[in-house]
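Report on the following structure.
The values are calculated or read from the model by the stated rules, or taken from the named source; none is laboratory data. Small disclaimer: the values here were computed from a predicted structure and weren't measured. Virtual Cβ from ideal backbone geometry, glycine too; neighbours counted across all protein chains shown. Heads up: the accessible areas ignore ligands, DNA and RNA and are worked out on the full protein's heavy atoms, side chains in. Shrake-Rupley method; radii C 1.70, N 1.55, O 1.52, S 1.80 Å.
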Amino acid sequence: QVQLVESGGGLVQAGGSLRLSCEVSERTNTFHHIGWYRQAPGQQRDLVARIGIFGGTSYGESAEDRFTISRDSAENTIYLQMNSLRPEDTGVYYCGAERFGIAYWGQGTPVTVSS
């Protein structure tokens, strides 16, 4: 059973930084893509950043130039470095992966950015 476990969320002031981690029970390059999604209260879950099976990255519009997605050399963990955080970045951040049309999700880690 695929397991994704997020960590690193918390409370931070606007302009600050956080680094999220997602530990995966399988090598991340076995998924067509794996990445981070944010869900704000009352909103849908939106893409923040993801990595494709061959290492290509893509970012949601709000994450461009501020966030960086990466994975470790053992390829069992992905990270999201978030800089210059804004109050609108507040939400629950989920690690999600997809393989052959099946989606896998972690439990999420909350991020709150105070103004």
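Data table
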item: Distance between modelled label sites at Gln81 and Ile102, nm, 7 Å Cα→Cβ extension; result: 3.4 nm
item: Rounded to the nearest 10 Å², the accessible area of Leu11 at probe 1.4 Å; result: 130 Å²
item: Where N is the number of residues in segment 8-60, Cα Rg divided by 2.2 N^0.38 Å; result: 1.32
item: Per-pair calculated FRET efficiency, R0 = 41 Å: Ala74 and Gln43 via Cβ, rounded to 0.05; result: 0.75
item: Cα-projected label distance for Gln13 with Ile53, points at 7 Å along beta-carbon direction, nm; result: 4.6 nm
item: Dipole magnitude (debye, nearest 20) for the chain, charges at Cβ of Lys, Arg, Asp, Glu; result: 60 debye
item: Listed residues Leu85, Leu18 arranged by accessible area, highest first, probe 1.4 Å; result: Leu18, Leu85
item: Quotient of Cα Rg and 2.2 N^0.38 Å for the chain, N being how many residues it contains; result: 0.99
item: Charge dipole (debye, nearest 20) of segment 15-65; +1 at Cβ of Lys and Arg, -1 at Cβ of Asp and Glu; result: 140 debye
item: ³J(HN,Hα) computed for each position of segment 14-27 - Karplus, 6.51 cos²θ - 1.76 cosθ + 1.60, integer Hz, glycine/proline x; result: 4, x, x, 10, 9, 10, 8, 10, 10, 8, 10, 6, 10, 4
